[in-house]
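The values are calculated or read from the model by the stated rules, or taken from the named source; none is laboratory data. It should be emphasised that the depicted structure is a prediction, and the values quoted were computed from it without experimental measurement. In this analysis, Cβ positions are derived from the backbone assuming ideal geometry, glycine residues included, and neighbour counts consider all displayed protein chains.
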Amino acid sequence: MIKFNLYLAFLGVQAFPDNQIATALLETLKHSQALEEKVKEREKETSCVDHGKPVELYCNEESCQQVLCAICMTREKHKGHSVWKLKDNVDYRRNHVTALKRDFQKITDAWKNQREKVLTDVFKELDKKETTALTLIRCH
C-alpha cells in the first residue's frame, strides 16, 4: 500500500482517505439511527408508567434518554437535565440522521470520484509506459 501511495503521489494524485474516517462516520450514523429507533419506540408510549400522565417530554441527558410526563420532569432524578418536548426531540433526531446520511453519501461519492481519477491516471501512465516499451522494442 505504501508503494501504491508513493506511486500516486508521483502522479500528483492524493492517496485514498484513511479508512478510520469512514469507520467513525459509520459508527456515528449507526449510533444516531439506534437513538432514533429508541425515540420511535418511546414515542409510542402515551402515558407515564409511574404517574399515568401523558408523556410529552424527553430527557435528553446522555445517562437518561427517556420519555417523561410533567411530574417526572420535576423530580430530583431529572433536575438540571436537558428536557425537550418529545416531538422536538424526534424531529431533531430525524434531521440529524438525515444530515449524517447526506454527509456520508457526499464522502462516499467523493471517494468514488477519487478512485476513478486514480485509476484513469494509473491507466494513462501504464499506456505511456507500454508505448515507450514498444517503441524501444521496435528500435532494437
Among the residues of the range 82-140, the number that are surrounded by 13 or more Cβ atoms within 10 Å (Cβ to Cβ), of a type in the set (A, V, I, L, M) and closer than 30 Å to residue 34 by Cα is 6
From the option list 61, 43, single residue qualifying as at pLDDT below 85, surrounded by 11 or more Cβ atoms within 10 Å (Cβ to Cβ) and in contact with a strand residue (DSSP E or B) (Cβ under 9 Å, 6 or more places away or on another chain) is 43
Could you go through the range 72-81 and let me know if any residue there is over 18 Å from the mean Cα position of the chain (by Cα), hydroxyl-bearing (Ser, Thr, Tyr), farther than 30 Å from residue 121 by Cα and modelled with pLDDT of 85 or more. yes
Q | Residue check for residue 67: under 27 Å from residue 103 (Cα atoms), in contact with an Asp or Glu (Cβ under 6 Å, 6 or more places away or on another chain) and either surrounded by 15 or more Cβ atoms within 10 Å (Cβ to Cβ) or modelled with pLDDT under 85 (or both) | A | no
